[in-house]
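Here's the structure we're looking at; comments come further down.
The values are calculated or read from the model by the stated rules, or taken from the named source; none is laboratory data. The shown structure was predicted, so the numbers you read here are calculated from the model rather than taken from an experiment. A quick note on method: Cβ atoms are made from the backbone with ideal geometry, for glycine too, and the neighbour counts reach across all protein chains shown. Only protein heavy atoms, including side chains, enter the accessible area calculation; ligands, DNA and RNA are left aside. Shrake-Rupley method; radii C 1.70, N 1.55, O 1.52, S 1.80 Å.
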Amino acid sequence: MAEYEYKVVPAPRRGDKVRGVKTTEARFAATLEAIMNPLGADGWEYIRADTLPCEERVGLTGKTTTFQNMLVFRRAKAVAEPAPAPMMIAPPVPDPIPPQAAASVAPMDDPTLSAPPPSIAEPKVAAE
């Protein structure tokens, strides 16, 4: 299961003036893009906009509740990869009979191994 970290930024209250953008809606959208694109480039994924109550002091003893619009972003936390397990290298398995001893030992029940190898006849060249 992925773990996330969250970032909450205040939503703009009005659109900034942008060259070539005339309407209020287009200015507001351009302002949102200016906030969201850099966060997206840093890996933050936009989740939602929330309106939350905020209690503020008014005067010396008074309080009032206002509502703040917030933009919520999240990204996956960087999880440290577990260290690889150390490799176990098995020791070499010794041969049951060392090569020197294997050459000198011949089984007694196999007559082909104790007999000398057949000689290879050389082809005879006909004399002319």
Specify the residue that is nearest to E45 (Cα to Cα); the eligible residues are those in the stretch 17-34 that are open to solvent by 90 Å² or more (accessible area, probe 1.4 Å) and of a type outside the set (S, T, N, Q). E33
Which residues, taken from the stretch 51-87, are closer than 17 Å to P12 by Cβ and in contact (Cβ under 8 Å) with a residue 40 or more places away in the chain? Q68, N69, M70, L71, V72, F73
Looking at the stretch 6-25, I want the residues that are under 30 Å from A76 (Cβ atoms) and have a partner that is charged (D, E, K, R) and surrounded by 14 or more Cβ atoms within 10 Å (Cβ to Cβ) with Cβ atoms under 7 Å, at least 6 apart or on another chain. Which pairs are those? Y6/R74
List pairs: first in the stretch 29-48 and within 21 Å of D16 (Cα to Cα), second in a strand (DSSP E or B) and among the hydroxyl-bearing types (S, T, Y), Cβ under 8 Å, 6+ apart or cross-chain? M36/Y46; L39/Y46; G40/Y46
Within the stretch 1-12, restricting to residues that are in contact with a strand residue (DSSP E or B) (Cβ under 8 Å, 6 or more places away or on another chain) and in a loop (DSSP other than H, G, I, E, B), the one that is most open to solvent (accessible area, probe 1.4 Å) is E3
Of the residues in the stretch 39-66, those that are closer than 24 Å to Y4 by Cβ, open to solvent by 70 Å² or more (accessible area, probe 1.4 Å), of a type outside the set (A, V, I, L, M, F, W, C) and not in a strand (DSSP E or B) come to D42
Filter pass, A78 being open to solvent by less than 80 Å² (accessible area, probe 1.4 Å) and either more than 35 Å from the chain's Cα centre (by Cα) or hydrophobic (A, V, I, L, M, F, W, C) (or both): no
